[in-house]
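The values are calculated or read from the model by the stated rules, or taken from the named source; none is laboratory data. This one's a predicted model, so the numbers in the text were calculated from it and none came from an experiment. Counting neighbours? That spans all protein chains shown, and the Cβs are built from the backbone with ideal geometry, glycine included.
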Amino acid sequence: MGHSDQPVTKASTALPFFYRFVLLYLEPLFALNGAYLTIFTPSEYAASITHSTTNYLSENNYLYTQLGGAWLIFAFNEAVVLQLVDDLRVWKLLCWGMLVSDAVYHFSAVQSFGGWEQWSNFVAWGFFDWAVFASAVAPMLVRIGVVSELGVRKEKGKTQ
């Protein structure tokens, strides 16, 4: 595999507390909330995201359940895997994967608004829109910090 001979950099000592707090505790709660909303109240979720009750079709509930499942794996990876695996390389790999999901999620937000022109009209945003944006962007910025090693403490004499 090639990497087993490299010393492990512990995420618990290399990453700033804020990064660890967001990824281990705060975002898993957001993800669990998203899973709950999409699985158990899909019509309310759809109405909140799209600003319209006409966009919800009950025959598409399976899509909301799939989305809930994606959020559950997010919550599991952050609250369980990252908690148990104290290796910065693993944290970076999982954060790369989550950043791919972030890009798709933010594109879906633009779609839910009806396109870039409507999405970029921030004056028209309601409280829920701002809350969703803030709860998605802050963890995404933390992931960017992890993968770019912004603020990561390096051991003296050691290169990453």
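Could we say that Val110 is in contact with a Phe, Trp or Tyr (Cβ under 6 Å, 6 or more places away or on another chain) and modelled with pLDDT under 90 here?
Working: in contact with a Phe, Trp or Tyr (Cβ under 6 Å, 6 or more places away or on another chain): yes; modelled with pLDDT under 90: yes.
Yes.
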Handout entry: Subset tally (residues that are charged (D, E, K, R) and closer than 23 Å to Gly126 by Cβ) for the stretch 37-68
Key = 1
Practice task
Just need a number here: residues in the stretch 121-160 that are closer than 17 Å to Ile49 by Cβ, exposed (fewer than 12 other Cβ atoms within 10 Å of the Cβ) and not hydrophobic (A, V, I, L, M, F, W, C).
Solution key: 2
Fill in the blank from the handout: Contact list, first residue from the stretch 10-30 and touching a residue at least 40 places away in the same chain (Cβ under 8 Å), second anywhere and acidic (Asp, Glu), beta-carbon distance below 6 Å, six or more apart or interchain, is Lys10/Asp86; Ala11/Asp86; Ser12/Asp86; Leu23/Glu78; Glu27/Glu78; Pro28/Glu78
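Identify the residue in the stretch 45-61 that is of a type outside the set (S, T, N, Q) and within 21 Å of the chain's Cα centre (by Cα) and, among all such residues, is nearest to Tyr105 (Cα to Cα). Walk me through it before giving the result.
The initial filter retains those residues of the stretch 45-61 that are of a type outside the set (S, T, N, Q), namely 45-47, 49, 51, 56-57, 59.
Subsequent filtering for residues that are within 21 Å of the chain's Cα centre (by Cα) retains 45-46, 49.
Details: Tyr45: 15, Ala46: 14, Ile49: 12 Å.
Restricting to residues being of a type outside the set (S, T, N, Q) and within 21 Å of the chain's Cα centre (by Cα), the top hit is Ile49.
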